[in-house]
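Before any comments, here is the structure.
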Amino acid sequence: MTKTWLITGTSSGFGKELATIVAQNPATNLVAAARHLEDLAYLDQFDSSRIAKVVVDVTNEGQIQQAVQVAQQRFETIDVLVNNAGLGYFSTIEESDMDQVRYMFDVNVIGLANMTKAVLPTMRAQRAGVIINLSSALALTTLPTMGFYSATKYAVEGYSDTLRQEVADLGIQVMTVEPSGARTNWSGRSSQKVAPQIEDYAAFSDSITTVSGSVTQAPGNPQRIAQVMFDQANETSVPSHLPLGEFAYQGGLGNLQGLVDEIKSHEGLSLSTDD
Ligand SMILES: NC(=O)c1ccc[n+]([C@@H]2O[C@H](COP(=O)([O-])OP(=O)(O)OC[C@H]3O[C@@H](n4cnc5c(N)ncnc54)[C@H](OP(=O)(O)O)[C@@H]3O)[C@@H](O)[C@H]2O)c1
């Protein structure tokens, strides 16, 4: 059966790599969503009968609805939704601009949730579907200056863990992907950066420079990451969580093990509050 993929943020990075893989595969249809259609010219080399380009800013609910309608009218089913569109934000917590933080939550969390809400009726009717939510290694562990970005991705994790339970019996699977730093535009043009001005936080200037420099130096290969997502979505049983890269795997496991150890060390206290 030909599967239809709907992917947000296909203008660059993981979204573009994944859209390219889907567009090349004769057994898949692609609904490629981007804020600007001219960014999707790279798809013109592929079979246009299996590709629909749609304008979607994930903060625009009307555009989300239109994209779902286009998918249904052109291809009838929506089998895989990839909530990929996302922004970064580099700043200490205290020095963060809350309007910029709120906008990042609108894109990374509310946009993802609105996109999912629009697709779920189709997947429920099909009694089948896979939802892939782009989370981050920074939802498994944290770094100074990445606090509000981590907060959006921890929100994606909590949301996805709950949704997974609610739709499991309806044939719908939910996977969060937690990539380590990868060579995309994310830490470049997709991230606001606020250098510390408060002397007490001066030591964190370097971490902003180092992490944002990862646009060219990070070990993560976007093409390989996209291929892993594509392959896993085609498995009968998709992983619930998929850390990718050493930082996500080792850093994530180390942080989670530390959390388990800490929680266990307070066992008596934790269990003392129930009647
Ligand atoms: N690269 C990494 O190191 C890394 C690691 C872990 C997780 N992630 C996550 O991976 C996802 C993809 O990022 P990337 O690394 O591929 O970065 P990227 O190359 O900068 O791509 C980000 C994509 O999101 C789109 N976007 C931004 N705001 C949008 C909005 N309001 N509505 C719709 N699309 C919007 C961008 O579109 P425009 O071209 O129009 O701006 C672009 O297509 C993000 O969720 C990011 O948080 C990245």
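Each value in this text was obtained by applying a stated rule to the coordinates, not by laboratory testing. These figures come from a predicted structure and were not determined experimentally. Methodologically, a virtual Cβ is constructed for each residue, glycine included, from the backbone with ideal geometry; neighbour enumeration extends over all protein chains shown.
Sum up the charges of everything whose Cβ sits under 13 Å from the Cβ of M104, counting Lys and Arg as +1 and Asp and Glu as -1, but leave M104 out.
After counting each charged neighbour, the total is 0.
Could you let me know the centre-to-centre spacing of region 1-64 and region 211-248, using Cα atoms, in angstrom?
19 Å
Want the number for K264 to K117: 0.36 nm per residue separation, take away the alpha-carbon distance, what's left?
Full-extension gain reported as 49.2 nm.
Translational D (Stokes-Einstein, µm²/s) of the chain at 25 °C and 0.890 mPa s when Rh comes from the Kirkwood sum over C-alpha pairs?
Answer, rounded: 126 µm²/s.
For region 15-26, in order, what is each residue's ³J(HN,Hα) by Karplus, 6.51 cos²θ - 1.76 cosθ + 1.60 with θ = phi - 60°, in whole Hz (x at glycine and Pro)?
Values, residue by residue: x, 5, 5, 5, 4, 5, 5, 5, 5, 7, 8, x Hz.
K193: which lysines have alpha carbons under 19 Å from its alpha carbon, excluding same-chain residues fewer than 8 sequence positions away?
Within the straight-line limit of under 19 Å, K193 reaches these lysines: K153.
Tell me the label-point distance for the pair Q197, Y103, using the 7 Å Cα-to-Cβ offset, in nm and rounded to one decimal.
1.7 nm
Taking the beta-carbon count within 10 Å as an exposure proxy, list K264, K153 from fewest neighbours to most.
Arranged by neighbour count, lowest to highest, K264, K153 become K264, K153.
Relative contact order for region 29-89: what percent, with Cα pairs under 8 Å and sequence separation of 6 or more?
After rounding, I find 30 percent.
Kirkwood hydrodynamic radius, computed over distinct alpha-carbon pairs, for region 131-275: how many Å, to one decimal?
17.2 Å
Using label points projected 7 Å from each Cα along Cα→Cβ, tell me how many nm separate I110 and L37, to one decimal.
2.8 nm
Please give the contour-minus-distance gain from T209 to R224: 0.36 nm per residue of separation, less the Cα-Cα distance, rounded to one decimal in nm.
Additional length available on full extension: 2.9 nm.
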